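The values are calculated or read from the model by the stated rules, or taken from the named source; none is laboratory data. A quick note: this is a predicted structure, and the numbers were derived from the prediction, not measured. Ideal geometry is used to build each Cβ from the backbone, glycine not excepted, and the neighbour counts take in all protein chains shown. Only protein heavy atoms, including side chains, enter the accessible area calculation; ligands, DNA and RNA are left aside. Shrake-Rupley method; radii C 1.70, N 1.55, O 1.52, S 1.80 Å.
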Amino acid sequence: DSGVTQTPKHLITATGQRVTLRCSPRSGDLSVYWYQQSLDQGLQFLIQYYNGEERAKGNILERFSAQQFPDLHSELNLSSLELGDSALYFCASSETLQETQYFGPGTRLLVL
Amino acid sequence: DAKTTQPTSMDCAEGRAANLPCNHSTISGNEYVYWYRQIHSQGPQYIIHGLKNNETNEMASLIITEDRKSSTLILPHATLRDTAVYYCIGRPFNQAGTALIFGKGTTLSVSS
């Protein structure tokens, strides 16, 4: 158990819908990262927050957005969902910007 | 980030040492070598990291060549539960907010 929690574990929705994935970092960690893992793309970095502020962006679509709240939990919002958005979404956290990242168990999203 | 090269797959007998190689000939002096593994579709699990000295923890040992162009992850007594995809990743330590860049990794199969 890494100490990072993600909810929900599974999510099934339809194309065009919007969903929110939630991540609670390890106690004391200020930085949160979001990654997407699809069958054809592997694990890809989406976005990173540090102490409430966006710090880095990766291959994140404009339909996706995220935020980190004052209590340091983070949410990833996915809108106008497409079949291709079906994937595993992982959150990771680290104490600072340079420290080791620890991953949560992931949310499996299926878009039908 | 340094590009790493790993064998696609490896086999290991249970109870034997598993030695997983990684080539990172383009690694720069400010990059750590990180190892993660992913068991089935679980969240990636941090194993170990190092800069230039060999490192050991309760999970594994990391041997980095003196020229830092390659490294070997050693699982001293592999068990069936070590069957996973192992990722070797180069990550700068002096750049804030650096995400992990995952390649395809090595699929290690441990059999009895």
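For region A:25-39, the set of residues classified as more than 13 Å from chain B (Cβ to nearest Cβ) and without any contact (Cβ under 8 Å) to a residue 60 or more places away in the chain consists of A:Ser27 only. Would it be correct to say that B:Tyr34 is touching a Ser or Thr at 6+ places or on another chain (Cβ under 8 Å), assigned to a strand (DSSP E or B) and touching a residue at least 24 places away in the same chain (Cβ under 8 Å)? Spelling it out, B:Tyr34 is indeed touching a Ser or Thr at 6+ places or on another chain (Cβ under 8 Å), assigned to a strand (DSSP E or B) and touching a residue at least 24 places away in the same chain (Cβ under 8 Å). Among the residues of region A:1-26, the ones that are open to solvent by less than 20 Å² (accessible area, probe 1.4 Å) and part of a strand (DSSP E or B) come to 4 in all.
Those strands (runs of 3 or more DSSP E) of region A:62-112 in which 1 or more residues are among the β-branched types (Val, Ile, Thr) occupy A:107-111. Residues in region B:30-44 that are closer than 15 Å to B:Ser71 by Cβ and open to solvent by 40 Å² or more (accessible area, probe 1.4 Å): B:Tyr32 only.
Can you go through B:Gly50, B:Gly103 and tell me which one is farther than 30 Å from A:Thr107 by Cβ and either surrounded by 21 or more Cβ atoms within 10 Å (Cβ to Cβ) or within 13 Å of chain A (Cβ to nearest Cβ) (or both)?
Details: B:Gly103 fails: farther than 30 Å from A:Thr107 by Cβ.
Result of the check over B:Gly50, B:Gly103: B:Gly50.
Within region B:43-66, the presence of at least one residue that is of a type in the set (Lys, Arg) and part of a loop (DSSP other than H, G, I, E, B) is confirmed.
Residue count for region A:27-43 under the criterion of being open to solvent by less than 50 Å² (accessible area, probe 1.4 Å) and among the polar types (S, T, N, Q): the result is 4. Selection over region A:40-73 of residues that are within 14 Å of chain B (Cβ to nearest Cβ), in contact with a Ser or Thr (Cβ under 9 Å, 6 or more places away or on another chain) and not charged (D, E, K, R) gives a count of 9.
So, of the residues in region B:56-85 that are charged (D, E, K, R) and surrounded by fewer than 16 Cβ atoms within 10 Å (Cβ to Cβ), which turns out to be nearest to B:Gln6 (Cα to Cα)? Explain how you work it out, then say what you get.
Looking only at region B:56-85, we keep the residues that are charged (D, E, K, R), and these are B:58, B:66-69, B:81-82.
Subset that is surrounded by fewer than 16 Cβ atoms within 10 Å (Cβ to Cβ): B:58, B:66-67, B:69, B:81.
Working: B:Glu58: 23, B:Glu66: 19, B:Asp67: 18, B:Lys69: 13, B:Arg81: 21 Å.
Top of the filtered list is B:Lys69.
Here region B:53-69 is the region considered, the condition is being under 18 Å from B:Ser25 (Cβ atoms) and touching a strand residue (DSSP E or B) at 6+ places or on another chain (Cβ under 6 Å), and the residue that is farthest from the other protein chains (Cβ to nearest Cβ) is B:Ile63. For region A:45-89, give me the residue count where each residue is under 24 Å from A:Ala14 (Cα atoms), more than 10 Å from the chain's Cα centre (by Cα), open to solvent by less than 20 Å² (accessible area, probe 1.4 Å) and of a type outside the set (A, V, I, L, M, F, W, C). Result for region A:45-89: 1. Taken over region B:70-100, residues that are within 14 Å of chain A (Cβ to nearest Cβ) and among the polar types (S, T, N, Q) amount to 3.
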